[in-house]
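Below: the structure, in structure tokens.
Since every read-out is calculated from the coordinates, none of them should be taken as a lab result. Since we're looking at a predicted model, the values are computed, not measured. Cβ placement follows ideal geometry from the backbone for every residue including glycine, while neighbour counts extend to all protein chains displayed.
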Amino acid sequence: TGALVWFRRDLRVFDHAALHHALRAGGPVHCAFVFDTPILAPLPHDDRRVAFIHASLAELAAELEALGGHLLVLHGDARDEVPRLAARLQVAAVHANEDYDPAAIARDGAVAAALQAEGRALHLYKDQVIFARDEVLSQAGKPLTVFTPYKKAWLRRLDAEPAALAPWQVEPHRAAFAPGRSQLPTLADIGFASVDLAAVGIEAGMRGGAAQFDGFVDRMAAYDTARDFPAQDGTSRLSLHLRFGTVSIRHLVRTVTALAARGQAGSGGATWLSELIWREFYQMILYFNPHVVHASFKPAFDKVQWETGAEADALFAAWCAGRTGYPLVDAAMAQLNGTGFMHNRLRMVTASFLCKDLGIDWRRGEAYFADKLVDYELASNNGGWQWAASTGCDAQPFFRIFNPVTQSEKFDPDGAFIRAWVPALGALDARAIHAPWLHGGAPGYPAPIVDHAEARGRTLERYAVVKA
Ligand code: FAD
């Protein structure tokens, strides 16, 4: 009897589908998280995400204990650990929230099979999205590939099904928790270093998520005008909390729709909701088009020949290190390397620069972002890279090529963001900072590694194969 709730990317004790269902089915309900070795193996020992999860688990354990439960944190291959723990606890079933990453789907299939072999069930629930993969389709019931019709269909479905926002209550069913003492390894126990999360600038856990969202609610009305300026605090910075479920997507959408209904969300509220819908759009794209993980969404773009060899490797290394000689690109890479976060406008600018100024395969940039981004999400990262490289669904047309200098003048007009991240440019004024080479350069700062106008010409030639 009883159940095990297996936490993964849902590190909270409120509005939690799996926890709700397990508790309602009757206790005793045990809770566990597994530091899954196949996921951890390729990560650097000072990975910020592992530190964020670890800090969030400490809070989760304390909150579960306050409700009468406890949290067991294991370290090993989840495909073995979860069935083994379920057998040790003698529970009838394991409950977890769905994770749509291809690797997670495969892992969950293996866990379900192992549990089933011993007469146990794995119950999975929709939790981290409002509408999952195949729940928003065209009126003819087909998967969509363009955002605007998807968004309209998403909003129509929400109108028809407001219960999709209802919270999955935990507190009223707390009597079903199995009491006990939480067990949490240290970061050193699992082979990781403790990292100063202050550098990320985002506080971990449910408390961090709530504080971040509360602060943003006051700024939401201005989101549409402030969101493109990296020097401003214009976006929510909730992506990391959405990644690990320390906020509830239903709570976010309920809040923004309620504010909008009262006329308090301004024009920013609707724009922000659109961004949350983009998140689900890319998850849907990945589900119906799993080839995007390795190849272009539009197969014609697989003919594009990217630069390879030692020269391309050197250009790629300069991009990674923020030494391209284009100040906004370099400031953005410094932000990524220094904090694990990068502003959305800059993700677009740096991705475009890699593919369309340096001629380097978007997959190399995608992999670099995957290593560094604290909010790394396969579907959104792949979608963003394929958008910038013009290989994706609903992507930027290939002949639209961001000019890294005009982007800089437009979105960091006084150079505040650049100055904050590239100390060598700290003394330049707003006139010189976007293109220092036109103003005598700056000591310690490289000259541009490519000429944008020439690169633009090469890119148009490179993409010409698509039309042929
Ligand atoms: P806000 O502007 O406040 O948006 C709110 C939320 O909406 C975000 O937290 C995020 O969950 C979602 N969102 C916003 N924009 C997008 C988008 N374009 N696509 C999908 N979801 C979106 N986002 C990730 O979460 N993980 C990634 O790995 C990732 N990689 C990206 C790579 C590239 C090349 C590009 C162009 C974009 C990428 N994005 C990714 C999308 C976007 O840049 C981030 O979600 C956003 O910058 C996070 O900051 P925020 O929380 O302040 O966003």
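In terms of surrounding Cβ atoms within a 10 Å radius of their Cβ, Val247, Val146 rank from fewest to most as Val146, Val247. Sequence-ordered 3J(HN,Hα) estimates for region 414-426 from the Karplus curve with 6.51, -1.76 and 1.60 and θ = phi - 60° stand at 8, x, 4, 5, 4, 4, 5, 10, 10, x, 4, 9, x Hz, glycine and proline given as x.
Listed values for region 271-288 are Karplus-derived 3J(HN,Hα) couplings in whole Hz (6.51 cos²θ - 1.76 cosθ + 1.60, θ = phi - 60°), namely 5, 5, 4, 4, 5, 5, 6, 4, 4, 6, 4, 5, 5, 5, 4, 4, 5, 7, and x replaces Gly and Pro.
Express in whole angstrom the spacing between the alpha-carbon centres of region 14-51 and region 230-265. Measuring centre to centre over Cα atoms gives 23 Å.
Label-to-label distance, Leu184 versus Asp429, with points set 7 angstrom from Cα along the beta-carbon direction: 5.3 nm. Distances between placed amide hydrogens fall under 5 Å for His75 paired with Phe35, all partners being 5 or more residues away or on another chain.
State, to one decimal in nm, how far the label point of Glu118 lies from the label point of Glu311, with both points 7 Å from Cα in the Cβ direction. Simple spin-label model gives 6.0 nm for this pair.
Cα axis of helix 78-89 to longest principal axis of the chain: angle in degrees, 0 to 90, nearest 10? It works out to around 20 degrees. A viscosity of 1.002 mPa s and a temperature of 20 °C, combined with the Kirkwood radius over Cα pairs in Stokes-Einstein, give a translational diffusion coefficient for region 114-213 of 113 µm²/s. Projecting the Cα atoms of Tyr287, Trp6, Val146 onto the charge dipole of the chain (Cβ charges, centred on the Cα centre) puts Val146 farthest toward the positive pole. Report summary: the helix-based calculation at 222 nm, which adds -39500 (n - 2.57) for every DSSP H run with n ≥ 4 and divides by the residues of the chain, gives -14500 deg cm²/dmol. Treating the angle as unsigned and between 0 and 90°, give the value, to the nearest 10°, between the Cα long axis of helix 205-219 and the longest Cα principal axis of the chain. With both axes taken from Cα atoms, the answer is about 50 degrees. Over all orientations, the chain has a Cα convex hull whose mean projected area works out to 23.6 square nanometres.
One way to sum up the overall shape of region 3-127 is the equivalent ellipsoid from its Cα gyration tensor, whose semi-axes run 21, 19, 13 Å, largest first.
Here the chain carries DSSP beta bridges of which approximately 0% are antiparallel, counting only pairs with both residues inside. Placing a label point 7 Å from the Cα of Ala163 along the Cα-to-Cβ direction, the residues of region 253-293 whose backbone N falls under 19 Å from that point are 254. Compared with the dominant Cα axis of the chain, that is its longest principal axis, helix 378-388 is turned about 20°.
Candidate cross-link partners of Lys151 among the lysines, defined by an alpha-carbon separation under 22 Å and a same-chain spacing of 8 or more, comprise Lys126, Lys142, Lys298. Between Glu461 and Lys152, how high is the FRET efficiency from 1/(1 + (r/R0)^6) when r is the Cβ-Cβ distance and R₀ = 41 Å? Nearest 0.05. In this case the efficiency is close to 0.65. Note on Ala175/Asp80: beta-carbon distance plugged into 1/(1 + (r/R0)^6) with R0 of 22 Å gives a FRET efficiency of 0.10.
Legend: calculated FRET efficiency, Lys410 to Glu65, from the Cβ-Cβ distance at R0 = 56 Å, rounded to 0.05, equals 0.65.
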